[in-house]
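Encoded as structure tokens, the structure appears first; notes follow it.
A short reminder: the numbers here are calculations on the coordinates, not readings from a lab. From a predicted model like this one, the values you see are computed outputs, not experimental measurements. Please note: Cβ atoms are built from the backbone with ideal geometry, for glycine as well, and neighbour counts cover all protein chains shown.
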Amino acid sequence: MTPSNGPSRRSALMKIGIFFNGAVGVILGVPIVRYILSPITRDRRAGDESWVSLGPLGQFPEGQTRLATYRSPAASASDGETAKIPCWVRRIDSDKFQIFAINCAHLGCPVRWFPQSGLFMCPCHGGAYYSDGSRASGPPERGLFEYRNKVERGNLLIQADRMPTTGAPVSRLTNISLDKPPCA
Ligand code: FES
């Protein structure tokens, strides 16, 4: 090695080292940045939330609670009947609804509506809920999970891409009507 090419080789090695360090930094940094920004991008995606029709309003008489099913928007063609998800539809008045997940808030058994007693009952451990989905008795610590819903062109729609979870509202009306302004 001659003294004259020492510094230039050192600087070339340094540039290569900086390049590789930068590349490794980008490879490691992109997933971290995506993770940090995920709440923002998730909220933005929520704007394209998929609303699924449960059928025309005429299927749901006022003052009654009926079982309905919808096809999961995440299902593929090969899922067949397993893609059908049941839910309970309570029509309070003309365009006010509550849509409950069928699963008990305790351990997820399917609850059944008993119009005679005005209660949802869970067959597994005796959990009971009032007609508005709030907890009546038994092991569940909260009311039934609810879907967001809206009425559009005479059809009842639910926001099915977001399954009700423990973060969902408890027995709170989540109805949005597009046929009438909110104060009409
Ligand atoms: Fe319903 Fe336990 S799963 S009470």
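For an R0 of 22 angstrom, estimate the FRET efficiency from the Cβ-Cβ distance between residue 109 and residue 83 and round to the nearest 0.05. Step by step, r from the Cβ atoms, then E = 0.60. Length available on full extension from residue 15 to residue 32: 0.36 nm per residue minus the Cα-Cα distance, which gives 3.6 nm. The calculated FRET efficiency for residue 94 paired with residue 117, based on their beta-carbon distance and R0 = 45 Å, is about 0.95. As a proxy for reagent exposure, 53, 11 were ordered by neighbouring Cβ count within 10 angstrom, fewest first; the result is 11, 53. Each 10 Å bin from zero holds the following percent of Cα-Cα pairs in segment 51-172: 14, 46, 33, 7, 0. In this structure the amide hydrogen of residue 156, modeled in the peptide plane, comes within under 5 Å of the amide hydrogens of 54, 55, 57, none closer than 5 places in sequence on its chain. Summarising the label geometry, the points placed 7 Å from Cα in the beta-carbon direction at residue 66 and residue 8 lie 8.5 nm from one another.
The distance between label points at residue 74 and residue 153 comes to 2.8 nm (points 7 Å beyond Cα on the Cα→Cβ vector).
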